[in-house]
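Enquirer: Quick one: the structure is below, and I'll ask about it shortly.
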Amino acid sequence: MAYRKTGKVVAQLEANRARILDAARVLVFEGGFQAASVAAVAGRAGVATGTLYRYFASREALLLDVFRAISDVEMTRLEAIAAGPGRPADRLRDVAHGFVSRAVRGARQAYALLAEPVDGALADERMAYRRRHAMIFERLMREAQAAGDIAPLDAHVTAAAIAGAIPSALTLHGPDRVPDARSLVNAVLRMSGLDPHTDDISHKDASHDQSA
């Protein structure tokens with residue numbers, strides 16, 4: 001007769017996996033992916049390294065799950081701002097400001113998500129993450145154009161430029177030298193042809209920014 005895991009055993013297994021993921025997320029937030037070695041994650045989670053491999057086939061598999069968990073939280077926040085009230089052009093600026101503000105506050109994590117050298121599946125996941133950013137900007141640009149809030153632009157190309165310029169500006173000098181959030185947003189949107197004014201950038205993202 002095949003062994004069947006009881007509800008208590010299943011719950012314990014799920015709790016162990018969650019604890020390992022939480023430990024890895026904290027290490028990435030504090031020091032990037034390089035800080036999340038198997039030994040460091042296992043030590044912080046309070047499990048043996050062999051136990052960690054019962055839940056994740058490799059370090060890459062663990063870090064891929066961490067990347068997805070962190071990026072999903074960040075994208076959900078930005079998508080909530082994008083879908084909120086207000087004119088599309090204002091929401092466009094709010095999304096940009098919300099993204100940059102959180103990245104500045106969690107500079108090490110932002111550097112890991114956006115620029116830390118990675119390869120394989122993590123590199124593919126990063127590209128998907130940046131495409132999601134671009135899609136949000138493009139959708140809001142099209143809404144703003146339809147509302148007459150901004151001049152006609154190639155929304156697809158301009159959104160890709162914004163999604164590329166912000167991470168580059170945030171991470172160009174590494175995680176220890178981050179720019180002023182508002183100045184960066186204004187500069188990127190202005191270079192993209194959206195010509196924002198500092199006073200126009202609202203802070204509706206503040207309610208979405210309470211935790212890292």
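Enquirer: Look at the range 36-85 and say how many of its residues are in contact (Cβ under 8 Å) with a residue 24 or more places away in the chain, open to solvent by 20 Å² or more (accessible area, probe 1.4 Å) and polar (S, T, N, Q).
Expert: Total satisfying the criteria: 1.
Enquirer: Within the range 136-170, count every residue that is in contact (Cβ under 8 Å) with a residue 40 or more places away in the chain, small (Gly, Ala, Ser) and not in a helix (DSSP H, G or I).
Expert: Selection size over the range 136-170: 2.
Enquirer: Going by the structure shown, is Arg19 farther than 25 Å from Asp176 by Cβ, surrounded by fewer than 14 Cβ atoms within 10 Å (Cβ to Cβ) and among the basic types (Lys, Arg)?
Expert: no
Enquirer: Could you check the range 1-115 for helices (runs of 4 or more DSSP H) lying wholly inside it with 1 or more residues that are at pLDDT below 90 and under 25 Å from Arg131 (Cα atoms)?
Expert: Qualifying helices (runs of 4 or more DSSP H): 88-105, 107-114.
Enquirer: For residues that are within 17 Å of Glu138 (Cβ to Cβ), open to solvent by 10 Å² or more (accessible area, probe 1.4 Å) and in contact with a Leu (Cβ under 6 Å, 6 or more places away or on another chain), tally how many sit in the range 156-197.
Expert: The qualifying residues number 1.
Enquirer: Being over 14 Å from Leu184 (Cβ atoms), without any contact (Cβ under 8 Å) to a residue 60 or more places away in the chain and not basic (Lys, Arg) is the filter; apply it to the range 86-128 and report the residue that is surrounded by the most Cβ atoms within 10 Å (Cβ to Cβ).
Expert: For the range 86-128, the residue satisfying everything is Leu113.
Enquirer: Quick check on my filter: what residues within the range 177-212 are charged (D, E, K, R) and at pLDDT 75 or above?
Expert: Answer for the range 177-212, where residues must be charged (D, E, K, R) and at pLDDT 75 or above: Arg177, Asp180, Arg182, Arg190.
Enquirer: Can you tell me how many residues within the range 131-144 are over 17 Å from the mean Cα position of the chain (by Cα) and open to solvent by 50 Å² or more (accessible area, probe 1.4 Å)?
Expert: Number satisfying all stated conditions: 3.
Enquirer: Kindly indicate which of Phe29, Phe33 is open to solvent by 50 Å² or more (accessible area, probe 1.4 Å) and closer than 25 Å to Ala121 by Cα.
Expert: Selected residue: Phe29, the only one of Phe29, Phe33 that is open to solvent by 50 Å² or more (accessible area, probe 1.4 Å) and closer than 25 Å to Ala121 by Cα.
The values are calculated or read from the model by the stated rules, or taken from the named source; none is laboratory data. Given the structure is predicted, the values throughout are model-derived calculations rather than measurements. Note that each Cβ is placed from the backbone with ideal geometry, even for glycine, and that neighbours are counted across all protein chains shown. Note: areas computed on protein heavy atoms with side chains; ligands, DNA, RNA excluded. Shrake-Rupley method; radii C 1.70, N 1.55, O 1.52, S 1.80 Å.
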